[in-house]
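First the structure, in the form of structure tokens, and then the observations on it.
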Amino acid sequence: MDGGDLVIGRESPLGEDLALLFRRHTADMHADTPPESIHMLPRAALEGPEIAFFVLREGGVALGMGAVKRIAPAHGEIKSMHVLTEARGRGHSRRMLQALIDHARAEGMARLSLETGVQPTFIAARGLYARAGFVECPAFGDYRPDPNSVFMTIDLGGPD
């Protein structure tokens, strides 16, 4: 998986070569989270007009994905962020997160939020978000407080 150019671009979540990413993401979400606390969107739902879906590719191979869903005029939510296990530890998650933040800013969003798990499998993700400036916050949008969820947000500046 080394070599080749690293590219993060907007794509359709229905691309044929993205099946492995979605299988792994789904497996990770179901690994130790109770079903009622899993808030991932079905793959086809990520095709919606309010969602910008991105793929990280190295040498043309899809290694990561992430999306920004507009949930209010100036508020976005990160959805379905995932990097393949074998590609982790090389800064790809940080690059994908920065691309999602940059997209939200470019689209005029003043706030970007996310929901992630409390389980040990989500410790690295929560650390990544915290290092990027996200802070814990109350449930937002259509979410309700959930003992299995951690809600985080970042102020992107601009109009509220």
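Where residues in the stretch 54-93 are in a helix (DSSP H, G or I) and of a type outside the set (Val, Ile, Thr), which of them is surrounded by the most Cβ atoms within 10 Å (Cβ to Cβ)?
The selected residue is 93.
Let me confirm something: among 145, 138, which residue is out of contact with any strand residue (DSSP E or B) (no Cβ under 8 Å at 6 or more places or on another chain) and more than 23 Å from residue 23 (Cβ to Cβ)?
Values: 138 fails: out of contact with any strand residue (DSSP E or B) (no Cβ under 8 Å at 6 or more places or on another chain).
None of the others qualify; the one that does is 145.
Collect the residues in the stretch 101-160 that are of a type in the set (Lys, Arg) and either more than 14 Å from the chain's Cα centre (by Cα) or surrounded by 18 or more Cβ atoms within 10 Å (Cβ to Cβ) (or both), keeping them in residue-number order.
Across the stretch 101-160, the qualifying residues are 105, 111, 131, 144.
Which number in (1) at pLDDT below 90; (2) of a type outside the set (Lys, Arg); (3) under 25 Å from residue 14 (Cα atoms); (4) touching a helix residue (DSSP H, G or I) at 6+ places or on another chain (Cβ under 7 Å) marks the one condition that residue 35 misses?
Residue 35 satisfies every listed condition except (4).
Among the candidates 94, 126, single out the residue that is in contact with a Leu (Cβ under 9 Å, 6 or more places away or on another chain), under 21 Å from residue 26 (Cα atoms) and not aromatic (Phe, Trp, Tyr). Break it down into steps so the answer makes sense when it comes.
Working: 126 fails: in contact with a Leu (Cβ under 9 Å, 6 or more places away or on another chain).
Being in contact with a Leu (Cβ under 9 Å, 6 or more places away or on another chain), under 21 Å from residue 26 (Cα atoms) and not aromatic (Phe, Trp, Tyr) holds for just one of 94, 126, which is 94.
Within the stretch 123-144, take every residue that is part of a helix (DSSP H, G or I) and touching a helix residue (DSSP H, G or I) at 6+ places or on another chain (Cβ under 9 Å) and give me the one that is farthest from residue 80 (Cα to Cα).
Of the stretch 123-144, the ones part of a helix (DSSP H, G or I) are 123-131.
This time we only want the ones that are touching a helix residue (DSSP H, G or I) at 6+ places or on another chain (Cβ under 9 Å), so: 124-125, 128-129, 131.
Details: 124: 15, 125: 12, 128: 15, 129: 14, 131: 19 Å.
The residue in question is 131.
If I ask for residues that are of a type in the set (Lys, Arg), modelled with pLDDT of 95 or more and under 17 Å from residue 59 (Cβ atoms), which ones from the stretch 83-109 would you list?
Scanning the stretch 83-109 gives a single hit, 95.
Can you find a residue in the stretch 71-87 that is of a type outside the set (D, E, K, R), over 20 Å from residue 14 (Cβ atoms) and touching a His at 6+ places or on another chain (Cβ under 9 Å)?
Among the residues of the stretch 71-87, at least one is of a type outside the set (D, E, K, R), over 20 Å from residue 14 (Cβ atoms) and touching a His at 6+ places or on another chain (Cβ under 9 Å), which makes the answer yes.
Mind checking which residues of the stretch 102-125 are of a type in the set (A, V, I, L, M, F, W, C) and under 13 Å from residue 67 (Cβ atoms)?
Correct list: 104, 112, 114.
Report, by residue number, each residue of the stretch 94-116 that is assigned to a helix (DSSP H, G or I) and small (Gly, Ala, Ser).
99, 104, 106
How many residues does the stretch 44-63 hold that are at pLDDT below 95 and within 13 Å of the chain's Cα centre (by Cα)?
1
Condition test on residue 147, is it assigned to a loop (DSSP other than H, G, I, E, B), at pLDDT 95 or above and either over 26 Å from residue 10 (Cβ atoms) or of a type outside the set (Lys, Arg) (or both)?
Numbers: assigned to a loop (DSSP other than H, G, I, E, B): yes; at pLDDT 95 or above: no; either over 26 Å from residue 10 (Cβ atoms) or of a type outside the set (Lys, Arg) (or both): yes.
No, not satisfied.
The values are calculated or read from the model by the stated rules, or taken from the named source; none is laboratory data. Note that this is a predicted model, so its numbers are computed, not measured. A quick note on method: Cβ atoms are made from the backbone with ideal geometry, for glycine too, and the neighbour counts reach across all protein chains shown.
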